[in-house]
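In what follows, a single structure is set out as structure tokens and then discussed.
The values are calculated or read from the model by the stated rules, or taken from the named source; none is laboratory data. For clarity, every value in this text was computed on a predicted model and none was experimentally measured. Cβ sites come from the backbone with ideal geometry, for glycine too, and all protein chains shown count toward neighbours. Keep in mind that these areas ignore ligands, DNA and RNA; they rest on the heavy atoms of the full protein, side chains included. Shrake-Rupley method; radii C 1.70, N 1.55, O 1.52, S 1.80 Å.
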There are 4 protein chains.
Amino acid sequence: MCRWAAWSGAPKYLEEVICDPQHSLIDQSRNALSCKTAVNADGFGVAWYGDRETPCLYKDVRPAWSDPNLLQIARHVRSGHFLAHVRASTGTATTRDNCHPYTFEHWTFMHNGQVGGYDTVRRRLDNMIPDDLYRHRAGGTDSESLFLIALAYGLKLHPRAAMARTVSEAEAVSKYAGTAPHMRFASAWSNGETLYAARYASDRFAPTLYYRKFSDGVMVVSEPLDEAPNCWVEVQQGHMIEVKNGTVTEMAFVSDEELAEVAAV
Amino acid sequence: MCRWAAWSGAPKYLEEVICDPQHSLIDQSRNALSCKTAVNADGFGVAWYGDRETPCLYKDVRPAWSDPNLLQIARHVRSGHFLAHVRASTGTATTRDNCHPYTFEHWTFMHNGQVGGYDTVRRRLDNMIPDDLYRHRAGGTDSESLFLIALAYGLKLHPRAAMARTVSEAEAVSKYAGTAPHMRFASAWSNGETLYAARYASDRFAPTLYYRKFSDGVMVVSEPLDEAPNCWVEVQQGHMIEVKNGTVTEMAFVSDEELAEVAAV
Amino acid sequence: MCRWAAWSGAPKYLEEVICDPQHSLIDQSRNALSCKTAVNADGFGVAWYGDRETPCLYKDVRPAWSDPNLLQIARHVRSGHFLAHVRASTGTATTRDNCHPYTFEHWTFMHNGQVGGYDTVRRRLDNMIPDDLYRHRAGGTDSESLFLIALAYGLKLHPRAAMARTVSEAEAVSKYAGTAPHMRFASAWSNGETLYAARYASDRFAPTLYYRKFSDGVMVVSEPLDEAPNCWVEVQQGHMIEVKNGTVTEMAFVSDEELAEVAAV
Amino acid sequence: MCRWAAWSGAPKYLEEVICDPQHSLIDQSRNALSCKTAVNADGFGVAWYGDRETPCLYKDVRPAWSDPNLLQIARHVRSGHFLAHVRASTGTATTRDNCHPYTFEHWTFMHNGQVGGYDTVRRRLDNMIPDDLYRHRAGGTDSESLFLIALAYGLKLHPRAAMARTVSEAEAVSKYAGTAPHMRFASAWSNGETLYAARYASDRFAPTLYYRKFSDGVMVVSEPLDEAPNCWVEVQQGHMIEVKNGTVTEMAFVSDEELAEVAAV
């Protein structure tokens, strides 16, 4: 399990999310609260959108708190749209290629969760990635394969449906050949303009997902960055949000029929 | 292209190969002579056999010359059978998982060369690896997939034939969908008792391969570690050697018919 | 604060201390119990004695649990005398040069604790190191300067007295210009034959120090590696131990007069 | 010896200096031409000025060409004032703290060269740094001590004189206790508004230093980034330049009397 946070709004120094809050992402890398693993120190990453259409990606394998470069960049870089992640490996190696976020052209993706029995189903997931995207597979995580499959399923045109289909099919693959829990998924993805985030699980224990509206933007997080009462809105299990121009729209992530099936588990 | 060296014989400090010779592996990481790329500084690795059946594997992404840990280990560890490698990436990322040697149980493999058009054929190579081995795929190099395919083809029982079949089929895949040169291959592999090394290419430019007999063992290398006259024996293109108990046996790597085809290119 | 463990006895795989025990050093890097900081993930190091007179030193800046090289080395290297350390920085940077143990010729030193107000007194400590040793100052920690000062005060000939004088003078420097607590010190040092460890503080809160006798050797640790009842002996504050050939001798670290003064604080 | 480049002018993507030119800084990290060492792969660093008064500093120990983070940052960050450096160690360890540039508040410094016999005179140099600056000494290089001494000698108020005094006194220290060549110095320093660069040596072999005027700014470099004829102006030995608002002023770095003495060597 991992922790992550994203911002969409007026330009903000990255440190205002990564370092400054009482329970900042760096604090969560040592002391996460709503997480199976309190220590999320198997690498980190941040992708921010700036002048160019594609995001800038910075990742490293050290704990977020011990990388002076991250502290410098977070202090000096300002962006109106960024995604940041601290990792706790669920088995794959601690390499930069296995750290989140992942980017492809102007799209970014980061993930907290897992595909159950990934060791066994990895091959099937990889085979769902078409050749022209497969060459971009750099590391070995389930998260990276989910992103590439979603791109293959039309993420650019159908940001909800492509991701929902990806998650449903990966869950089906895990049910066929993997182990329970078959799917745990709290993710954010973005094209630099609209930020999407979804919360889902094949059982009742979806990883947490919250957002908070500020006067100048919206923050979406794995767990609240502070204890401000009534400020952080929890996204329901099986739902997702779209954040654009300060507006948050909540909707079902998978269709109602699918949700009914999930609820019957 | 990369540089590598292996030792089979009486226990020797790793530094006697990696650091001490006039043109040691560390020197080659800065100034390789018989190599397309003089600088081989995209990581390094060494696998040595000791008390246990499996080898000990040490890899890192820094240039070999700048890693104080490597210098310490090379100075203090003694082994009668070890394989060491300095890497020059032909495209894949500089991560530990992409550094050689690769190990599986008690087998070790390292490679200098490439499969032509790997970006295009990578998917086909990965699909030649059966599921039970595929879960051990950690990085993204062609070399790692060659090793896993060879294991699937029976490397443990048929160390020559399994590797030759792997190389032939990978070459065929490259001829079908990749780009020339389809195969460049100078590799060593070992079970800790017998050291194998082969030199092959789909054209006339196989990477170099030499060995040298000492009173207490045999060294096999990409390029000679010193200028001692008449001491280093060049392995012929299309041939391989088996080194065991101080004896070197040279033989065709692929069959004569295959060699005839290769020669006709 | 940091955690450490040392072994003197029959050759043992490093992993028998670093990885295998219920509360191994790697477990302590995530979940230390008797320590101000539960997470000790700002680098690690191990120095082991083997064939050569000098020890082999392996250090890196990642958390101990995330370094595959450490796991390999711990699994394959066997030594009858080694010192291992996981670090939680008290302010200085997370670089290899700031990781413990420190070595000089055949001596090794590692430390848990701090000199109070080091930022202010660092200069004075550095000036206690004579020129011929000062060139070996590689990092910026108080621990490294304590080791070099102890070497200057004759550590090789007077392993107890030189270290005690170093600690007393560093404490005096901190009392003059630093901040309380002026000295916290739980350290081990060794020449490869005799292992020394001391526990001391300028107040009543000396970092913990334990040892345990096995049939084939003695383990000395910051905190017990398991919950075996009555097996781990706590070293008293202000005392030290000498471990040689399986025998543990406990004695006052600083003289009784000094202890009386300390007790009066 | 090292290679470096700096820009003062209209905002420019860092990659326009670090990656894009024919003989970019990354190309120089593999193939420097006017340098004792062709390979400058012992770490790198870049400091850029942006919204804040202090610069943002990014350093790492890998070769510049192998760090995907550097390529990302260079592609996405734009700055009107930045200093970039690729390092070839002259003896000190390859750690981030030993990589250039160095920063202090809003000042930045980077250096190509060395103080002769640094191992012997390091202690004397360190003692020229006053206590309040000494706590900022993080690594072990001569370059970092030169910067801190220059700050102590009033770099902020007298950017030329403070650096010249530092270099002269360090040279004197080396003449007293070090080895020849006593001083090799091609450096750039900056407060974010004015860029200073000097070329000096205690013998006739000062490291090279060039600048080039563009319509939108000035580039200052160790060696030209391309072969454009007549575009790169060589700074004379013993001279320095000040670059501000597109204007380059050349002047003696040390006084004429001092230059006369140097010429007499």
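Using the alpha-carbon positions of the stretch C:8-90, Rg (one decimal) and Dmax (whole number) come out as 12.5, 38 Å.
Structural descriptor for the stretch C:150-217: relative contact order 21 percent, calculated from alpha carbon pairs under 8 angstrom and at least 6 residues apart. Summing +1 for each Lys or Arg and -1 for each Asp or Glu among the other residues whose beta-carbon sits under 11 angstrom from that of residue A:231 gives 0.
The lysines within cross-link reach of residue C:36, meaning a Cα-to-Cα straight distance under 26 Å and a gap of 8 or more places when in the same chain, are A:36, C:59, C:175.
Listed by chain and number, the lysines whose C-alpha is less than 24 Å from the C-alpha of residue A:213, apart from same-chain residues fewer than 8 away, are A:12, A:244. Amide H contacts under 5 Å for residue A:139: none, restricted to partners 5 or more places along the chain or on a different chain, H placed in the peptide plane at 1.01 Å from N. Averaged over peptide A:24-33, the number of partner chain Cβ atoms lying within 10 Å of each residue's Cβ comes to 1. 3J(HN,Hα) couplings calculated from phi for the stretch D:196-211 with the Karplus curve 6.51 cos²θ - 1.76 cosθ + 1.60 (θ = phi - 60°) are, in sequence order, 10, 8, 10, 10, 7, 7, 7, 10, 8, 10, 5, x, 5, 7, 9, 9 Hz; Gly and Pro show x.
Between D and C, roughly 1600 Å² of accessible area is buried in total, ligands, DNA and RNA not counted and the probe set to 1.4 Å. Placing unit charges on the Cβ atoms of the charged side chains and taking the dipole of chain D about its Cα centre, the candidate lying farthest along the positive direction among D:64, D:159, D:179 is D:64.
Counting pairs of alpha carbon atoms under 8 Å apart in space and at least six apart in sequence, what relative contact order in percent does chain D give?
On the way: 614 pairs, mean separation 52.4, N = 265.
20 percent.
Assuming R0 = 45 Å, what is the FRET efficiency of residue D:194 and residue A:161, from their Cβ-Cβ distance, to the nearest 0.05? List each step's numbers first, then the result.
Numbers: r = 56 Å, r/R0 = 1.24.
Approximately 0.20, to the nearest 0.05.
Can you tell me the orientation of helix D:142-152 relative to chain D, as the angle in degrees between its alpha-carbon axis and the longest Cα principal axis, to the nearest 10? With rounding to tens, the tilt is 80 degrees.
Give the average over all directions of the projected area of the C-alpha convex hull of chain D, one decimal, in nm².
Hull-based average projected area comes out at 12.7 nm².
Reported value for the protein assembly as shown: 191 Å³ per residue, from the convex hull of its C-alpha atoms.
In this structure, the amide hydrogen of residue B:183, modeled 1.01 Å from its nitrogen in the peptide plane, lies closer than 5 angstrom to those of B:116, B:202, B:203, counting only residues at least 5 positions away or on a different chain.
What are the trypsin sites (Lys or Arg not before Pro) within the stretch B:166-261 that DSSP puts in a loop, where the Cβ has at most 10 other Cβ atoms within 10 Å?
B:204
Placing +1 on the Cβ of every Lys and Arg and -1 on the Cβ of every Asp and Glu, with nothing else charged, gives the protein assembly as shown a dipole about its Cα centre of roughly 0 debye. Here the 3J(HN,Hα) profile of the stretch A:164-169, calculated from phi with Karplus coefficients 6.51, -1.76 and 1.60 at θ = phi - 60°, is 4, 4, 4, 5, 5, 6 Hz, Gly and Pro shown as x.
Applying the Karplus relation 6.51 cos²θ - 1.76 cosθ + 1.60 with θ = phi - 60° to the stretch C:227-244 yields 3J(HN,Hα) values of 9, 3, x, 6, 9, 8, 9, 7, 7, 5, 4, x, 10, 9, 10, 10, 10, 8 Hz, where x marks Gly and Pro. Take each residue of peptide D:133-146, count the partner chain Cβ atoms within 10 Å of its Cβ, and average: the result is 3.
Only Cα pairs under 8 Å and at least 6 apart count here; give the relative contact order of the stretch A:1-92 as a rounded whole percent. Dividing the mean separation by the residue count of the stretch A:1-92 yields 44 percent.
Taking only Cα atoms, what is the 0 to 90° angle, nearest 10, from helix D:118-127's long axis to the longest principal axis of chain D? Rounded to the nearest ten degrees, it is 80. In the stretch D:73-217 the Cα-Cα distances spread across 5 Å bins starting at 0 as 2, 9, 19, 23, 22, 14, 6, 3, 1, 0 percent of all pairs.
Averaged over peptide A:72-79, how many Cβ atoms belonging to another chain are found within 10 Å of each residue's Cβ? Don't jump to the answer; show the numbers that get you there.
Values: counts 8, 6, 1, 4, 12, 6, 3, 1.
Neighbouring Cβ atoms belonging to other protein chains average 5 per residue here.
Taking GluC sites (Glu not before Pro) as exposed when DSSP calls them loop and at most 13 other C-beta atoms lie within 10 angstrom, chain A has its longest site-free stretch at A:106-192. Overall, chain A carries a charge dipole of about 380 debye about its Cα centre when +1 sits on the Cβ of Lys and Arg and -1 on the Cβ of Asp and Glu, all other atoms neutral. Projecting the Cα positions of A:224, A:17, A:39 onto the charge dipole of the stretch A:3-263 (unit charges on Cβ atoms of Lys, Arg, Asp and Glu, taken about the Cα centre) puts A:39 furthest along the positive direction.
Output needed for the stretch B:98-150: three equivalent-ellipsoid semi-axes, defined as square roots of 5 times the C-alpha gyration tensor eigenvalues, in descending order, whole Å.
Ellipsoid half-lengths, sorted descending, are 17, 14, 8 Å.
Over the protein assembly as shown, dividing the summed -39,500 (n - 2.57) contributions of all DSSP H runs of at least 4 residues by the number of residues returns a 222 nm mean residue ellipticity of -7500 deg cm²/dmol. Exposure check, 1.4 Å probe, all protein chains in place: residue D:23 carries approximately 20 Å² of accessible surface.
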